[in-house]
Structure formats: structure tokens, C-alpha cells
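First up is the structure itself, then whatever we jot down about it.
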Amino acid sequence: MQHQEQQQHPVSYLCVGRRSRYLLSIKDVVRLRATCTWLRELFGAAQLRDRLSHSLGSQAGLRRVVNGQQVQLLRFDDEQFGTHDLLAAVCVVEEGDWGEMGEVIELAEQCGNCQLPVTLSGADIITHANKTAYVSAPRVLAQLKMVGRHVHFSDGSCLQLFHHGNGEVRAIKDEPGFRLTIDPPLPVGNLHRRRRQPHDPPMNRSALCFSFFSRRWISWGGQYTDASVSSFDRCVVFDLHFLKHRYNSTSTTTLNRGVGGGRLDDLLTQSPHTPVAGCTTIDRDDWRRLVLTDGSHPFVAWISIWDRGNTVSVYVGTIEAAVCGTGLFKHRFPVTTQLARVVLGAVAPFVFDGQVQQ
């Protein structure tokens, strides 16, 4: 009788076949495994491994198109995973979007700090004691705790987080000067407060810089506010990259805030979580950087914008190889110039073509 009831139970029909298994949330899977022992074989290691692969492939934030081909940004070294690790891995992938962390991974690969796909192991998963610990932190911070250890820097350090019993969080080095304050109180008029996203909140930290004299990360003191955890990640990766390369840039152009139909004001004030012409945004206090290139480009280029109150300062920088030895920036670095024109819109002639502000 028990066997007959098992065969006729509606849940068993729902779970038959690969596609129908994905109708159940991972919460449902965990609950069924705990309460319906006779259904466990439908959610064994093989089935969970299959689901993990499906979930990774379904996450738009973990895929990029490079030279016409789909590139996966993240995978799990799951061949040796048992059922418990596989359940945890599926939970990690399905418990929220990976868009912000996908941008961090992509930029880190561009800058030579990791290889794609980033491969997470069982040791990375157990940095979170359980699901409750994972979901209790802002999602991007929880993801960084696993992924950051695979973003390596030239001094042997990595984008690692250090958690202390008093709730203190440090990044890169386990030293007081590398402390992060996640989601700090901000003044009412602060743009970061108005744009705040709970899953990727603002943060305070000291000025971090890689010293090429001492070949190590140092803290300069002071206090910076990053628009989000992911913006901090991108800032650290990017700053190290352009500091170690000779780059070329336009001269800094200072313009009225409303020039070009207010394009510069829009670029400074719109949410850094809103993509601008496909750019990756790095946002800190009164300064914003838009990374123009992605994994399909063999170099990195960017626009830096400073808020000066009534005026805005802007320059375009690039590591693109010059097509000629002398001449204007727009002639020497045509790809960067074209990418920047799309973003700057009506402001581009003031930056590249010598147009004078009236």
C-alpha cells in the first residue's frame, strides 16, 4: 500500500523529468527532502548537480557575450560535492541575482586579476555557516565573501573579506586601516542614501592604494563613501590596473553643469545601479568613473567625471594602443573615442573636438 501511495502522490508526478524539477524552489526541495524521505531519490546528488548546471546557465548576470560567444563567468568544482554541498551551491546561485557580482568578475578578468570562469569550491561555500547566515547579509556582500578570494593582486593578496566577532569587516588585509563600514548612516541629502539598495548598500572605508614603491596595499587614512559594495570592488580592481599601466588621456575639460542639454548632470546624478550605454560604473563621493570597455575589448578605457558644484570636470583615459605617433587624442585612439562619444552625447564635441562653451 505504501508503495502504491508513493507512485500516485501528486508531488512524484511534478518531480518527474528534468524540466519539471525546476518548478520547485530550492526551499521546497529542502523541505521535501526533510519531510518526505521516500522522495529523496528524486533530489539526489545527480539531480542536484543537474539543477546547479541549469541554474548557473539561467543566470543572465553570470553570462557575457564575447566575440559572438557566450562566456560563463562562474562555475562550481562540484564533481566531488556531496548532497549537502550541492544543496548549498544551488541555494547560493538561486538566492538572488548575480548581476553586480558578474560585473566585478568581468572587470577583474579584464584587468588580469582572475580567469574565467571563476571556480568556487566547497571551501568557498562553507565561508557561510548555513543558509541563514548567507541570506542575513546583504546579497552582494555574501557573494563577495565567496568570490573575492579568487580575485588576486600582484602582491599575493586578494579581494578577501575578514569578519570579526564584533561585526567588524575588513577587506584585502586584516588590519584596522582596511575596515569597511557597511550601510553607514548618511546625511539626508546624500545621493548614496537616496540610491541605496539593500542588497548592495553604500559603505565607508579609508583611502586604499597599491604602493608600487613598497609593492603592497596601504591605507592612506581619510574617509571615502562608495555608492555600494560592488562599486568598492570595481574601484579596487580598476585603480590597481590603471596605476600599473601607462595610459593616455584627454586633457581635463571643465564645463558648466547644464552643457549639452544637461548630459553631464545626468551622468553624475542618475543611479549608479542604472547602466549607462553598457558601461560599468564606479561611484564614490563626488566622483564617478564609467568603464567603456568590456571583455570583448583588448584594452581598458574609461571616462572620469568630478562634481565641482556648478561645474563638472571630465576626461577620457585609455590603455588602447595608439594608431599613430602624434596627433589629437581622437585620431590616435579611435575606438576609445567612439565609445566615449556614445556615452557623452552632446558633450563629446567639447571634450574631443575643441568646441568652446558659450
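The values are calculated or read from the model by the stated rules, or taken from the named source; none is laboratory data. Since this is a predicted model, take the numbers as computed values, not measurements. Cβ coordinates were reconstructed from backbone atoms using ideal geometry, including for glycine residues, and neighbour counts include every protein chain displayed.
Here is a yes/no grid of residues against (1) farther than 26 Å from residue 225 by Cα; (2) charged (D, E, K, R); (3) not assigned by TED's automatic domain parsing to the domain that holds residue 275:
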| site | (1), (2), (3) |
| --- | --- |
| 103 | no, yes, yes |
| 119 | yes, no, yes |
| 154 | no, no, yes |
| 163 | no, no, yes |
| 168 | no, yes, yes |
| 171 | no, no, yes |
| 175 | no, yes, yes |
Would you mind stating whether residue 322 is of a type in the set (Gly, Ala, Ser) and more than 21 Å from residue 277 (Cβ to Cβ)? yes
Filter the stretch 321-358 down to the residues that are in a loop (DSSP other than H, G, I, E, B) and in contact (Cβ under 8 Å) with a residue 24 or more places away in the chain, then identify the one that is farthest from the chain's Cα centre (by Cα). 357
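Collect the residues in the stretch 302-320 that are within 23 Å of residue 282 (Cβ to Cβ) and not in a strand (DSSP E or B), keeping them in residue-number order.
Here is the first cut: in the stretch 302-320, the residues within 23 Å of residue 282 (Cβ to Cβ) are 302-309, 311-320.
Passing the criteria: 308, 309, 319, 320.
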Out of the residues in the stretch 128-170 that are within 13 Å of the chain's Cα centre (by Cα) and among the small types (Gly, Ala, Ser), state the one that is farthest from residue 106 (Cα to Cα). 142
Considering each of 189, 177 in turn, give the residue that is over 22 Å from the mean Cα position of the chain (by Cα), without any contact (Cβ under 8 Å) to a residue 60 or more places away in the chain and not in a loop (DSSP other than H, G, I, E, B). 177
Within the stretch 146-174, the residues that are part of a loop (DSSP other than H, G, I, E, B) and without any contact (Cβ under 8 Å) to a residue 60 or more places away in the chain are 156, 160, 164, 165, 166, 167, 168, 173, 174
Just checking, does the stretch 241-253 include any residue being surrounded by 12 or more Cβ atoms within 10 Å (Cβ to Cβ), assigned to a helix (DSSP H, G or I) and over 17 Å from the mean Cα position of the chain (by Cα)? yes
Under 7 Å by Cβ, and 6 or more places apart or on different chains, what pairs join a residue from the stretch 264-282 that is within 20 Å of residue 202 (Cα to Cα) with one that is outside any strand (DSSP E or B) and of a type in the set (Phe, Trp, Tyr)? 282/238
Could you pull out the residue among 238, 299 that is closer than 27 Å to residue 68 by Cα and not in a loop (DSSP other than H, G, I, E, B)? 238
List every residue pair whose Cβ atoms sit under 9 Å apart, with the two residues 6 or more apart in sequence or on different chains, where the first one lies in the stretch 124-140 and is free of Cβ contacts under 8 Å to residues at least 40 places away in the same chain and surrounded by fewer than 20 Cβ atoms within 10 Å (Cβ to Cβ) and the second, anywhere, is outside any helix (DSSP H, G or I) and among the β-branched types (Val, Ile, Thr). 137/182
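Let me confirm something: among 281, 293, 318, which residue is crowded, with 22+ Cβ neighbours inside 10 Å and touching a His at 6+ places or on another chain (Cβ under 9 Å)? Please lay out each step first, then the result.
Values: 293 fails: touching a His at 6+ places or on another chain (Cβ under 9 Å); 318 fails: touching a His at 6+ places or on another chain (Cβ under 9 Å).
Answer to the selection: 281.
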Restricting the search to the stretch 283-292, which residues are without any contact (Cβ under 8 Å) to a residue 60 or more places away in the chain and either over 23 Å from residue 224 (Cβ atoms) or assigned to a loop (DSSP other than H, G, I, E, B) (or both)? 286, 292
Just to be sure I understand the filter: pairs with C-beta atoms under 6 Å, separated by 6 or more residues or on different chains, first member in the stretch 293-307 and assigned by TED's automatic domain parsing to the domain that holds residue 256, second member modelled with pLDDT under 90 and among the basic types (Lys, Arg). Which pairs pass? 295/64
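Can you tell me which residues in the stretch 174-228 are among the hydroxyl-bearing types (Ser, Thr, Tyr), closer than 19 Å to residue 273 by Cβ and either out of contact with any strand residue (DSSP E or B) (no Cβ under 7 Å at 6 or more places or on another chain) or buried (at least 17 other Cβ atoms within 10 Å of the Cβ) (or both)?
Our first condition is that a residue be among the hydroxyl-bearing types (Ser, Thr, Tyr); within the stretch 174-228, this holds for 181, 206, 211, 214, 219, 224-225, 228.
With the extra rule that they be closer than 19 Å to residue 273 by Cβ, the set shrinks to 224-225, 228.
Passing the criteria: 225, 228.
Each row is one residue, and each column tells you yes or no for (1) surrounded by fewer than 17 Cβ atoms within 10 Å (Cβ to Cβ); (2) of a type in the set (Phe, Trp, Tyr); (3) touching a Pro at 6+ places or on another chain (Cβ under 9 Å).
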residue: 65; (1), (2), (3): yes, no, no
residue: 88; (1), (2), (3): no, no, no
residue: 98; (1), (2), (3): no, yes, no
residue: 105; (1), (2), (3): no, no, yes
residue: 116; (1), (2), (3): no, no, no
residue: 122; (1), (2), (3): no, no, no
Among (1) out of contact with any His (no Cβ under 9 Å at 6 or more places or on another chain); (2) in the same structural domain as residue 135 (by TED's automatic domain parsing), where does residue 200 come up short? (1)
